[in-house]
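Chemist: Pasting a structure here, questions to come.
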Amino acid sequence: MHKVTQCKASNDYRLWLRFDDGIEGSVFLGNLLDVVAFRAWRNVDEFCRAGIDPATSAVFWTTGIQLDPDILYQDLVANRRIENAQKICVEHK
């Protein structure tokens with residue numbers, strides 16, 4: 001299981017994360033605003049109140065939302081692969 005060691009939510013609905021293995025970066029969560037469970041985030045100040053549950057390493061909000069660290073890790077790693085592939089494509093043009 002991956003552990004989130006730091007997180008910071010920003011006004012553009014990005015969540016910056018650092019994991020215990022040193023991987024860090026941002027994931028975009030604004031695409032969840034239309035899902036009923038995440039509607040509290042429409043108040044961006046609420047979104048920016050993200051914290052880390054020390055017992056589970058889940059990112060959580062006071063509204064009861066929790067995000068699994070392993071899913072966040074997978075999302076972050078997938079985004080990095082896409083960005084790297086795009087860089088390679090641009091370099092070969």
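Chemist: Kindly write out, for the range 5-16 in residue order, the coupling ³J(HN,Hα) from the Karplus curve 6.51 cos²θ - 1.76 cosθ + 1.60 (θ = phi - 60°), rounded to whole Hz, with x marking Gly and Pro.
Modeler: Here the 3J(HN,Hα) series is 9, 8, 8, 8, 8, 10, 4, 8, 6, 9, 10, 7 Hz.
Chemist: With +1 on the Cβ of every Lys and Arg and -1 on the Cβ of every Asp and Glu, and nothing else charged, how large is the dipole of the range 28-74 about its Cα centre, in debye rounded to the nearest 20?
Modeler: 140
Chemist: Keeping all protein chains in the complex and leaving out DNA, RNA and ligands, what accessible area do you get for Phe60 with a 1.4 Å probe, in Å² to the nearest 10?
Modeler: 70
Chemist: Still on this structure: With 11 Å as the cut-off, how large is the P(r) tail for the range 1-46, expressed as percent of Cα-Cα pairs?
Modeler: Looking at the range 1-46, the distances longer than 11 Å represent 67 percent of pairs.
The values are calculated or read from the model by the stated rules, or taken from the named source; none is laboratory data. Computed from a predicted model, the values in this text were never measured in an experiment. When we count neighbours, we look across all protein chains shown, and the Cβ atoms used for this are built from the backbone with ideal geometry, even at glycine. Ligands, DNA and RNA are excluded from the accessible area calculation, which covers all protein heavy atoms including side chains. Shrake-Rupley method; radii C 1.70, N 1.55, O 1.52, S 1.80 Å.
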